[in-house]
1. Restricting everything to alpha-carbon atoms, can you work out Rg to Rh for the stretch 224-335 with a Kirkwood hydrodynamic radius?
2. Considering the dipole of the chain built from charges on the beta carbon (Lys and Arg +1, Asp and Glu -1) around the Cα centre, which of V44, S13, H196 is farthest to its positive end?
3. Treat every Asp and Glu Cβ in the stretch 9-194 as -1 and every Lys and Arg Cβ as +1, leave all other atoms uncharged, and give the resulting dipole magnitude about the Cα centre to the nearest 20 debye.
4. How big is the Kirkwood radius of the stretch 9-194, worked out from every pair of different alpha carbons and given in Å to one decimal?
5. If the convex hull of the alpha-carbon atoms of the chain is projected onto planes in all directions, what is the mean projected area in square nanometres?
6. Contour minus end-to-end for A54 and A321, with contour as 0.36 nm per residue of separation and end-to-end as the Cα-Cα distance?
7. Grab the DSSP H runs of the chain that are 4 residues or longer, score each as -39,500 (n - 2.57), total them, divide by all residues and round the 222 nm result to the nearest 500 deg cm²/dmol.
8. Shape verdict for the stretch 71-119, please, from the Cα gyration tensor: rounded (a/c under 1.5), prolate (a/b greater than b/c) or oblate.
Amino acid sequence: MLVPDPTATVSASYAQAVAAAVSGERPAELLADNGSARLPFAEVRRLWDLALDAGHDPQAGLRLGAGLRPQALHVLGHLLLACGTLGEAADAAVRYHPLVSQAGEITLHRGPTVTHVRCRPTAAAGSLHPQQVETIIATMATAARWLAGPTWAPAAVSFTHAPTGELSRYQEVFACPVTFCAADNDFVIPNADLEHPCAPADPQLAFLQRHYADQLLAELDTPASTPERVRRWLAQSALDQVRPGDLQSALNLSERSVRRALREHGTSWRALLDEARHTRARHLLETTELTTGRIARIVGLSSAAALGHAFSRWQGTSPGAYRRARREQCHEGSSAP
């Protein structure tokens, strides 16, 4: 048996859910509500080893993911519930998934008509059971339905492994075409679904949850990747003043080293700055009365027109229409019985 990465950890709340799903009980050391407490990934892997060696449900991963509750994902679960769109939730999942588990990497790849959310193990190669990967992908479907409704379905799902049991169970969980022995563990979302408003949304609560999640991310023992370090720095910076050369002193890395590291992760300074502008502009539209011209200057764009062009690319709508839609959505959510 391959040894899991000894540095990877898993949140106690998620470990509780795994223990209950795979063995029907929660070990005493996991019972305490420890908030942001974490366990070594090897401990969770051992739960799966014992359950599968004992011949328990070979599709326990699907069962766990399909029935997961928000509290099992700790702060990420609560943040997802406050998101206004599937796109916003997908961005949150990519950024904050290490708070749940550091054994896998979630990446987002947007195409012309669909967006791919992919899961790749970051623990030692082969140290994740297929059922653990199935839990992650099934959790994506479950979390999306918290926002989009119980009948929502992804466009497609794929796994790098062979089926772990009955094919009908995959159809029950995903309600879409499922491919096995594929190149990636992939969860495919139609782009048209990404920006569909999901009520009720709470921008202020989402902002507070993100702030708390950022604090927890900073406290994780495993050093953040270079892209994540740049993201955190940009989130705290004045976007109308930042320059690539500023990274040398901020991250204690040369500009050339940063650019190379970002390229190795499939991104760039320009892409991360664009992402930061998008996040900042969206938050200001949701929570302030600032004019679009003022917001444009704050995020480092030249004018309201420039913000309009960028926001249309980011969200598929104008800043004004986005602001009105989110406020109407929040009003409907707050007035619901």
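1. With Rh from the inverse mean 1/r over Cα pairs, Rg/Rh is 1.05.
2. Result: H196, furthest along the dipole toward the positive end.
3. 220 debye
4. 16.5 Å
5. Reported value for the Cα convex hull: 17.7 nm².
6. Stretched out fully, the A54 to A321 stretch lengthens by 90.6 nm.
7. Calculated at 222 nm, the ellipticity per residue is -16500 deg cm²/dmol.
8. oblate
Every number here is computed from the coordinates shown, using simple stated rules; none is lab data. Fair warning: this is a prediction, and the values are worked out from it, not measured in the lab. We place every Cβ from the backbone using ideal geometry, glycine too, and count neighbours over all the protein chains shown.
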